[in-house]
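Right, one structure below, let's go through it.
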Amino acid sequence: MDAGSDMMSPEKSGRRGARPPLREAGSISMPSMPPLQEPGSRPRPYMPSLCSTPRNPAVKCYGDRFIPDRSAMDMDMAHYLLTEPRKDRKNGATPSPAKEAYRKLLAEKLLNNRTRILAFRNKPPEPDNSILTELRADVASVQARPAKKRRYIPQSADRTLDAPDLVDDYYLNLLDWGSANVLSIALGNTVYLWDAASGSTSELVTVDEDDGPVTSVSWAPDGQNIAIGLNSSAVQIWDSSSNRLLRTLQGVHESRVGSLAWNKSILTAGGMDGKIVNNDVRIRDHAVQTYRGHSQEVCGLKWSGSGRQLASGGNDNLLHIWDVSMASSAQSAGRTQWLHRMEDHSAAVKALAWCPFQSNLLASGGGANDRCIKFWNTHTGACLNSVDTGSQVCALLWNKNDRELLSSHGFTQNQLTLWKYPSMAKMAELNGHTSRVLFMAQVTFARSLCFVAKFETHTVCTTDGLWLSFVEPLQSPDGCTVASAAADETLRFWNVFSEAPKSAVKEKTSQSRMFNSYNHL
């Protein structure tokens, strides 16, 4: 190192801390006395210069940053400086006035006269016992609350009835369950009634060969009158209590009537000719409105719960939403009257179901080439979701007690599938039919249930001199049992929408044994 240099080169800095040669063994290594220092004064530690320009140009300058190097430290001097204050306190030495003044000034400016920076003089306040008590009570209530049990869904039918001569036709609607707890089913040319309360079966009507077979059945809201669509394009209205023909609606369709739907006193009929006609059964000229939009057979018709919108599906793979305010009284051909036209399905659209808890939600199911269940917002016409079921969708039913949807299918499994909405996770698959499940019906009112329904009754006189009563339910009845009819000529009843959980192991009673037996209609 050159004389007068305040910084050492990196190559020579490593030898500063080494023991000097020619020293006696055991001698204490003391730092050399710096120049211009009084004898007996306290040695100063080595400090590098902070000047940016070195005196010797050969010495590399590192700027004003000081990066300590342990190898360049004098460990003996560091130990001495660290232990000197302790020795002064032990020996009772009085610090110099300048040092004491400096310490006080430092404490005043930096420490704000605090002797300890982290000092816990007082204990933290005790927590409020009332709050802890409430929290413990809430936690206890949550832990004590029992977990929601998964509802038990029977995998087998409660009752199976024989249904011979059931027409195996996807485009027909041959099953319906009325509000009086009477189920109607068309078998060939005959319509049978089965009373669910008593289990009795009766024959309503057998039509002529020229008019038959029966292609559709639909109960009126009162549960007493029933409409029957025929292959001859006529529609008959019967009184089920007296087995009397009330009226025949003719001259509207050109071919068979495969779908029917009631909206109070309006009977809507869809035919193979693609026309949809609203018939007011209270007046002579019953055809009051006509909806035109399908080019092939109309196989699905459903009115919304409000009665303001009608959904129709056809063999032309189209789904239409109609509004009553847009219907045309004049039956002019080629006039578009639909509110929305959906072309997303790739097969016939027969299965239709309006959601009971969301008025503008409609579910539709496609045929064998489509196999999808689609959900629609009927206000905007948007498709909300589409689920590929893997098989032909024949019918759809919503659970009135929970967010569930039941679908019936064809090849290959011929099953009923219960879906959880809106996740569309499979909750159960009900097997038992050996052929495609063409029709499903849900009980809308059961006298065996502990339920009181309020009705508003309207009585009108027709042009034929017959009195008809139309009953509008003001309170939605409970419906848990579902009936399914399949091409295997069986009618099965499923307790699929049961709300209360049941034990998986049920006692075999005489009633349950009777339900599992076969009965002929």
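The values are calculated or read from the model by the stated rules, or taken from the named source; none is laboratory data. Since the structure is predicted, the reported quantities are computational estimates derived from the model, not experimental observations. For accessibility, only protein heavy atoms count, side chains too; no ligands or nucleic acids. Shrake-Rupley method; radii C 1.70, N 1.55, O 1.52, S 1.80 Å.
Extension gain, ALA137 to PHE357, is 75.6 nm, computed as 0.36 nm per intervening residue step minus the present C-alpha separation.
A probe of 1.4 angstrom, applied to the heavy atoms of all protein chains, finds ARG136 with accessible area near 150 square angstrom. For the residue pairs LYS350/LYS426; LYS264/LYS374; LYS275/LYS426; LYS264/LYS420; LYS374/LYS420, the C-alpha atoms sit more than 25 angstrom apart in LYS264/LYS374; LYS275/LYS426; LYS264/LYS420. From the square roots a ≥ b ≥ c of the eigenvalues of the alpha-carbon gyration tensor of the stretch 173-311, which class results: rounded (a/c under 1.5), prolate (a/b over b/c), or oblate? Note, shape of the stretch 173-311 comes out prolate.
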